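The values are calculated or read from the model by the stated rules, or taken from the named source; none is laboratory data. What you see is a predicted model; the values in this text were computed from it and never measured. Neighbour counts run over all protein chains shown; Cβ positions are idealised from the backbone, glycine included.
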Amino acid sequence: MRRLICALGIITVLGGCGNAGSATGKVRFEEGNEEVRVLLDGRHFTSYRYDADFTKPILYPVRTPSGVIVNRSGPLVPLEGETTDHPHHVGIFFTYDEVNDSGFWNNTTYPPQVKHVKVTEMAGGESGRLSTVMHWTDEAGAVLLEEKRTMTFHSGEDEYAIDFDIDLTAREKVEFGDTKEGMFAIRVADWLSEKHGNGRYLSSNGDETEKDVWGKRAAWVRLQGEKDGKVVGIAIMNHPSSINYPTFWHARGYGLFAANPLGQYAFEKGRKKDNPVTFGLTLRPGEKAHFAFRVVIYEGQRTQDQLQEAFKKFAR
């Protein structure tokens, strides 16, 4: 039971896992050219990349503890035979398509652009914390939103995790349209997708596959598959403090795995719900909206009960 508890959550969060703590090591950061490399247990887990010509900062690549890359490689590093659709889907990213008159989701060139401004904190240790500031800048160069993001990295038994705490503060009046094109997302490797590989979605409601997961609310969704005989998965959890919790899911079989709390009307209409309701988030200058997620990259089978238990610990 003690070993199972350690496997269910992140060791640095749960505590009390005996020798497992020394086995997992520490989180370390390395600054590079327009990137911060994140090392867990001495291994490169991911990089926070904010290249000047990117339309938004991303986390890329994303690896399991044994080094399996779970994100699609292209378009940054094209692989022969890999899908090339939706080139704006790169690594782990956070954008939205209808922000006043600007679309920050579908663009592969800028403007508009989510611009990295600065790193405000970079602290390693048993867990590691990386905090940044970004500006959501429209076609005219005006800053619509200031994003303050803290990413906390954890190393657990057969899993890595990232907690995202994101505040969007309006610089001027900002209206978000209710669109499916958003918001917190990872584009997964083809082998992990339902359409091109052997992945399978499962939600906290017990729904399975894109058909039943897409457009519904859920506290968490898991996408799990197999690579070279090894079970590998990604779970995204939505914290109860996050706006419009529990989020809607823009989970596509071709490989986009996204949580979208703001696209309420689009999803309810897409699910043919009677009298779909517009969420219609509007922020006046100085007002902010909070978004909070955990991403768990794991190896080995994770059941619905195990993930639900892990979510309860996260939700506290």
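What tally of residues in the range 254-278 results from selecting those that are part of a loop (DSSP other than H, G, I, E, B) and in contact with a strand residue (DSSP E or B) (Cβ under 8 Å, 6 or more places away or on another chain)? The qualifying residues number 4. If a residue must be out of contact with any helix residue (DSSP H, G or I) (no Cβ under 9 Å at 6 or more places or on another chain) and part of a strand (DSSP E or B), how many such residues does the range 154-189 contain? Going through the range 154-189 one residue at a time, the tally reaches 19. When the residues of the range 117-144 are filtered to those that are part of a loop (DSSP other than H, G, I, E, B) and of a type in the set (Gly, Ala, Ser), the one that is surrounded by the most Cβ atoms within 10 Å (Cβ to Cβ) is 127.
I'm trying to understand the selection: among the residues of the range 90-116, which are under 24 Å from residue 294 (Cβ atoms), among the β-branched types (Val, Ile, Thr) and in a strand (DSSP E or B)? Scanning the range 90-116 gives 92, 95, 114. Inclusion of residue 72 among residues that are within 15 Å of the chain's Cα centre (by Cα) and surrounded by fewer than 22 Cβ atoms within 10 Å (Cβ to Cβ) is not warranted. Residues in the range 150-163 that are of a type outside the set (S, T, N, Q) and surrounded by fewer than 20 Cβ atoms within 10 Å (Cβ to Cβ): 158 only.
Filtered by the rule that a residue be surrounded by fewer than 21 Cβ atoms within 10 Å (Cβ to Cβ) and at negative phi, the range 265-276 gives 265, 269, 270, 271, 273, 274, 276.
In the range 277-316, the residue that is surrounded by the fewest Cβ atoms within 10 Å (Cβ to Cβ) out of those that are over 28 Å from residue 145 (Cβ atoms) and touching a Leu at 6+ places or on another chain (Cβ under 7 Å) is 313. Is it fair to say residue 114 is farther than 30 Å from residue 39 by Cβ, buried (at least 16 other Cβ atoms within 10 Å of the Cβ) and either free of Cβ contacts under 8 Å to residues at least 24 places away in the same chain or out of contact with any helix residue (DSSP H, G or I) (no Cβ under 7 Å at 6 or more places or on another chain) (or both)? For residue 114, the condition - farther than 30 Å from residue 39 by Cβ, buried (at least 16 other Cβ atoms within 10 Å of the Cβ) and either free of Cβ contacts under 8 Å to residues at least 24 places away in the same chain or out of contact with any helix residue (DSSP H, G or I) (no Cβ under 7 Å at 6 or more places or on another chain) (or both) - is not met.
In this structure, residue 247 does satisfy being at pLDDT 95 or above and within 26 Å of residue 129 (Cβ to Cβ). Residues in the range 59-81 that are outside any loop (DSSP other than H, G, I, E, B) and farther than 18 Å from residue 190 by Cβ: 59 only.
Residues of the range 129-180 that are over 21 Å from the mean Cα position of the chain (by Cα) and farther than 26 Å from residue 248 by Cβ: 137, 139, 140, 141, 142, 143, 171, 172.
Of the residues that make up the range 228-235, is at least one within 19 Å of residue 310 (Cα to Cα), among the hydrophobic types (A, V, I, L, M, F, W, C), touching a strand residue (DSSP E or B) at 6+ places or on another chain (Cβ under 9 Å) and surrounded by fewer than 16 Cβ atoms within 10 Å (Cβ to Cβ)? So far as the range 228-235 goes, yes, one or more of its residues are within 19 Å of residue 310 (Cα to Cα), among the hydrophobic types (A, V, I, L, M, F, W, C), touching a strand residue (DSSP E or B) at 6+ places or on another chain (Cβ under 9 Å) and surrounded by fewer than 16 Cβ atoms within 10 Å (Cβ to Cβ).
Taking the numbered list (1) more than 16 Å from the chain's Cα centre (by Cα); (2) closer than 16 Å to residue 308 by Cβ in turn, residue 191 passes all entries but (2). When residues in the range 29-52 are screened for being assigned to a strand (DSSP E or B), in contact with a Phe, Trp or Tyr (Cβ under 8 Å, 6 or more places away or on another chain) and under 28 Å from residue 110 (Cβ atoms), 8 of them pass. When 83, 95, 55 are checked against the criterion of being of a type outside the set (Phe, Trp, Tyr), farther than 26 Å from residue 155 by Cβ and in contact with a helix residue (DSSP H, G or I) (Cβ under 6 Å, 6 or more places away or on another chain), 83 stands alone in meeting it. The set of residues in the range 236-252 that are on the phi < 0 side of the Ramachandran plot and surrounded by fewer than 19 Cβ atoms within 10 Å (Cβ to Cβ) comprises 240, 241, 243, 245. Would a scan of the range 212-222 turn up a residue that is in contact with an Asp or Glu (Cβ under 6 Å, 6 or more places away or on another chain) and in contact (Cβ under 8 Å) with a residue 12 or more places away in the chain? Yes, the range 212-222 contains a residue that is in contact with an Asp or Glu (Cβ under 6 Å, 6 or more places away or on another chain) and in contact (Cβ under 8 Å) with a residue 12 or more places away in the chain.
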